[in-house]
1. Report, by residue number, each residue of the stretch 22-60 that is farther than 22 Å from Val103 by Cα, open to solvent by 50 Å² or more (accessible area, probe 1.4 Å), free of Cβ contacts under 8 Å to residues at least 12 places away in the same chain and part of a loop (DSSP other than H, G, I, E, B).
2. Identify all residues within the stretch 91-123 that are in contact with a strand residue (DSSP E or B) (Cβ under 7 Å, 6 or more places away or on another chain) and in a loop (DSSP other than H, G, I, E, B); write none if there are none.
3. Do we find that Ile88 is open to solvent by less than 20 Å² (accessible area, probe 1.4 Å) and part of a loop (DSSP other than H, G, I, E, B) in this structure?
4. Would you call Gly15 within 22 Å of Ala139 (Cβ to Cβ), of a type in the set (Gly, Ala, Ser), open to solvent by 20 Å² or more (accessible area, probe 1.4 Å) and touching a Lys or Arg at 6+ places or on another chain (Cβ under 8 Å)?
5. Looking at the stretch 116-134, which of its residues are surrounded by 14 or more Cβ atoms within 10 Å (Cβ to Cβ) and over 16 Å from the mean Cα position of the chain (by Cα)?
6. Can you give me the number of residues within the stretch 67-82 that are open to solvent by 10 Å² or more (accessible area, probe 1.4 Å) and either among the basic types (Lys, Arg) or in contact with a strand residue (DSSP E or B) (Cβ under 6 Å, 6 or more places away or on another chain) (or both)?
Amino acid sequence: MRAALDAAEDAARAGEVPVGAAVVRDGVIVAVAANAPRALSDPTAHAEMRAIRAAAQALGTDRLEGCDLWVTLEPCAMCAGAIAHARIARLYYGASDPKGGAVEHGPRFFTQPTCHHRPDIYNGIGDREAAALLRDFFAARRED
């Protein structure tokens, strides 16, 4: 989670919503990414999507079986779909997202009967630091 939190801090410094993600296989970090929709003019450039793409490229496969995804914020529906399609084995995330999350909130993507792959899910890891990054980021925006 440390690598994902560091990436989230990088995103905040770049003016992006502070979310970071890391893909790990066999204890080795394969890819790390930060949110970058604004910088890349790409609404799909969420940290999870970027990390999954980079890991697939690095491993030369479209299925990340045996890989873990560590992300600082509960994934949205788009990212949950990508996690399922990539066959991520385990999802670890920090802060819950009652507004935009799709794992424990909203559509609860992985509980749907149409979901073809369900990772093992572990939440609340690094949640205080992840939530503080988000709170501070949005508080600073309201002050401006």
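The values are calculated or read from the model by the stated rules, or taken from the named source; none is laboratory data. These numbers come from a predicted model, not from an experiment. In this analysis, Cβ positions are derived from the backbone assuming ideal geometry, glycine residues included, and neighbour counts consider all displayed protein chains. To get the accessible areas, we keep the full protein, side chains included, count just its heavy atoms, and leave off ligands, DNA and RNA. Shrake-Rupley method; radii C 1.70, N 1.55, O 1.52, S 1.80 Å.
1. Gly27, Ser41, Gly60
2. Ser96, Asp97, Val103, Glu104, Pro119
3. Values: open to solvent by less than 20 Å² (accessible area, probe 1.4 Å): yes; part of a loop (DSSP other than H, G, I, E, B): yes.
Yes: the conditions hold for Ile88.
4. Values: within 22 Å of Ala139 (Cβ to Cβ): yes; of a type in the set (Gly, Ala, Ser): yes; open to solvent by 20 Å² or more (accessible area, probe 1.4 Å): yes; touching a Lys or Arg at 6+ places or on another chain (Cβ under 8 Å): yes.
Spelling it out, Gly15 is indeed within 22 Å of Ala139 (Cβ to Cβ), of a type in the set (Gly, Ala, Ser), open to solvent by 20 Å² or more (accessible area, probe 1.4 Å) and touching a Lys or Arg at 6+ places or on another chain (Cβ under 8 Å).
5. Selection gives His117 alone.
6. Going through the stretch 67-82 one residue at a time, the tally reaches 3.
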